[in-house]
Amino acid sequence: MKRRNFIRKATLTSFAALLGTEIVFGSNLYKGYTPIALQEPDPFKLFKKNKDMVVLNNKPWNIEAQAHLLDDRITPNSKMFIRNNGVIPVEIDSNNWTLTIDGESAQKSKTYTLQELKTKFKQHSYQLTLECGGNGRSEFNPPAKGNQWTVGAVHCAEWTGVRLKDILNDIGIKNDAVYIGYHSADTHLSGDPEKEPISRGAPMKKALQDETLIAFKMNGNDIPLAHGYPLRLVAGGWPASVSGKWINRISVRNIEHDGTKMKGTAYRVPKNPVAPGDKVKNEDMKIIESMPVKSLITYPKSGAIISNNKSLAIRGHAWAGELEVEEVEYSIDFGATWKFCKTEKPANRLAWQRFSANIDFPKSGYYEVWARASDSNGVSQPMLLPGWNPKGYLNNACHRIAIKVK
Amino acid sequence: MKSTDDYKRLLKKAERLAYAALFMMTLAAVVSMFKIYDPTLSIFNSDSETLLKIEENEDKIENGIHLKTGFIDDTGLMTVVNNCTNCHSSKLVIQNRMNADRWNATIVWMQETQNLWELGDNQKVIVDYLVKNYPPIDKGRREGITKIDWYELN
C-alpha cells in the first residue's frame, strides 16, 4: 500500500478524521510527526499488556484477561483488564492537574493540586479487588447487551493514595450528604463536549471507608494511563465503574448522584427477581453496590493433561465484595462432593484471597475441577448462572477448568 | 597504417566501454537511491491514484467478510457500516446478539444518550441485517466448557 505517499499528502485531513476532531495549529505540525493519539495502534504495546489478553472492543478500548493470567497475588499492569466508556484523555499535564470538591452538600468548594493532595494528607496503600459489574456477561441467556466479558474483568492491584474521607473532612460535609459523584477528563465517544462518558459514585458510607482512596500510584508507580493517570478514585469490592479514572472533580450530593450511567439499566439490576428475557421498568431497578462472592482457578490453565500417579496442585483467588471469603471448596464430580481448599486471609480488607489444594484423581479420564467460594454471611457461588438481568451483571457462577488424567 | 587503425579501433572500444561503465554506475546509483528513499516508487504515482486505491481497499470483501469491520457481507452491510461504526467499533456490534425488539430499544437508547441520529428507513435495514446475521443463540442455564487447548502439564 502507498501508505507513505498517502500520509504525506493527506496528513492533516486524515489525522483530523481519525481523531474525530480538528487539529488546532495543525499546519504547524512537524512533518512526519504523528499525534500521540495515533502513534501506537497496537494495544498490547500501547497499554503494555500481556499477549494473551483479549481485545473485546477497540473503540472504546475494552480488554480482558484470561483466568490463568490472574495468578499473581498482586495483579501487574500487563494483566489488568481495561474497561473504558469513552475516549482516554490526551495530553495530561500532571503538574497542573487539580481535584475540585464541590456539590450541594459540601460546606465549601475547594480545589487541590496533585502536589497538595500528596503532601497535605496521610498516604495509605491497599490491595483492592476491582471487578467490572459486567464480568461474566457473555454467559447470560438470552444474551445481555454490552461488552461480552468472560471471566477476566477483575484484578487486585496495590493502590496508593489519600483517603477520600480525609479530603471530605478538610472541606466539611453537610448532614444531608447522601452520595458522592465523580467527574473525569475522558471524552464522549460521539465527540460531544457537553456529554460525560461516565460519572458514577457511591453512597457516603462507602465514600467514608478507610480503604476508599483518591489514588495516584498503582503497584508503586504512577497509575498507567489506561487505568486513570494521574488520579483515580478507588473503591474496592464494588463494581469497578465506581472507581472513576482521570478524576478532576468530586461532588458531594444531597441526592443519589444522577450522573451518566447512574440511571436506567446501567449498573443496575432488578429489585425483584425476573424471568430470563423479561422487560424491566427503570423504576424497578436498583443500583449495584457490593459485588457478590466469586472465585477463579488461576493455576493450572484449563486443558492440562497429567499423569495418573501424580496429584494436581491447584490455586486461585476468591473475593466477596464488601465481605470476606470464609472458605473455598473444590469438586471433581460436578458438585456431588466438595472438599475444602486452604484459604488464606486477605492482605487487607477488600483484597482478594489466595486458595489452594492438592487433588488426587481416582482413575484416568476427563475431569472438570470446579471451585466454589462462600462469604462471611454463608452465601456461596451458584453452579448455574445466577438471576438473569437486562444488562447481564453479577454473574458469579462457579469457575471450572478441564483436566485429563492419562 | 594497419597498426594505427587497430590502435584507433581499440581506443574507440575503450571509450565505449568507459561510457557503458559510467552509465551502469549511474543506473546503479539511481536504483539504490530509490531502494533507500522510496522503495515503493511512490514518486511515479499521482496522489489521486493513491487515494483512490486506499478507498477501494477500504470496503474490500474477502470470504464474505467486510475486511475493515469484520461484518458479514449481506444486504444492508454498508448502511450498518455507515451508521453504526462512527462512535464505537464494529466489535461491539458483532459480539452482541439481540432480537429485533432489543436492537430497536438499543437504537432508541443510543439516540437518547449517545447522539445517534434519526435513522429513518435505514433503521429497518440495519435491524434486519443484525437479526439475520447475528442472531441470539440459546445457551441454556450454563454452557459446557468450550475451546479447550489441551497441553501436557509436568
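Summary table
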{"read-out": "Which listed pairs, of A:Lys48/A:Lys245; A:Lys145/B:Lys139; A:Lys45/A:Lys145; B:Lys60/B:Lys132; A:Lys48/A:Lys301; A:Lys301/A:Lys339, have C-alpha distances above 26 Å, in listed order", "value": "A:Lys45/A:Lys145"}
{"read-out": "Helix axis angle, A:3-19 relative to chain A longest principal axis, alpha carbon, degrees", "value": "90 degrees"}
{"read-out": "Modelled FRET efficiency - R0 41 Å, B:Asn86 with A:Lys122, Cβ distances, 0.05 increments", "value": "0.30"}
{"read-out": "Averaged over B:144-152, number of beta-carbon atoms from partner chains that fall within 10 Å", "value": "5"}
{"read-out": "Charge-dipole axis of the protein assembly as shown as Lys and Arg at +1 and Asp and Glu at -1 on Cβ define it, positive-most pick from B:Gly120, A:Val90, A:Pro276", "value": "A:Val90"}
{"read-out": "Under 12 Å, Cβ to Cβ, from A:Lys342 - net charge with Lys/Arg +1 and Asp/Glu -1", "value": "+1"}
{"read-out": "GNM top mover of A:Gly136, A:Gly365, A:Gly244 - chain A, alpha-carbon springs below 10 Å", "value": "A:Gly365"}
{"read-out": "Projected label distance in nm at A:Glu322 and B:Ile61, using a 7 Å step from Cα toward the beta-carbon", "value": "5.5 nm"}
{"read-out": "Surface/4 of the Cα convex hull for the protein assembly as shown, nm²", "value": "39.0 nm²"}
{"read-out": "Which of A:Leu385, A:Pro292, A:Met218, positive extreme of dipole for the protein assembly as shown (C-beta unit charges)", "value": "A:Met218"}
{"read-out": "Formal net charge of residues neighbouring A:Met291 (Cβ-Cβ distance under 15 Å; K, R +1; D, E -1)", "value": "+3"}
{"read-out": "Reachable lysines from B:Lys12, criterion Cα separation under 22 angstrom, eight or more residues apart if same chain", "value": "B:Lys2"}
{"read-out": "Paramagnetic reach from A:Val178 in the stretch A:276-303 [backbone N under 15 Å; point 7 Å along Cα→Cβ]", "value": "A:286-287"}
{"read-out": "Shielding by partners, peptide B:87-98 (average Cβ within 10 angstrom, other chains)", "value": "6"}
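Read-outs throughout are calculated quantities, based only on the coordinates presented, and are distinct from any laboratory measurement. Bear in mind that the values here come from a model prediction, so they are computed numbers and not experimental data. Please note: Cβ atoms are built from the backbone with ideal geometry, for glycine as well, and neighbour counts cover all protein chains shown.
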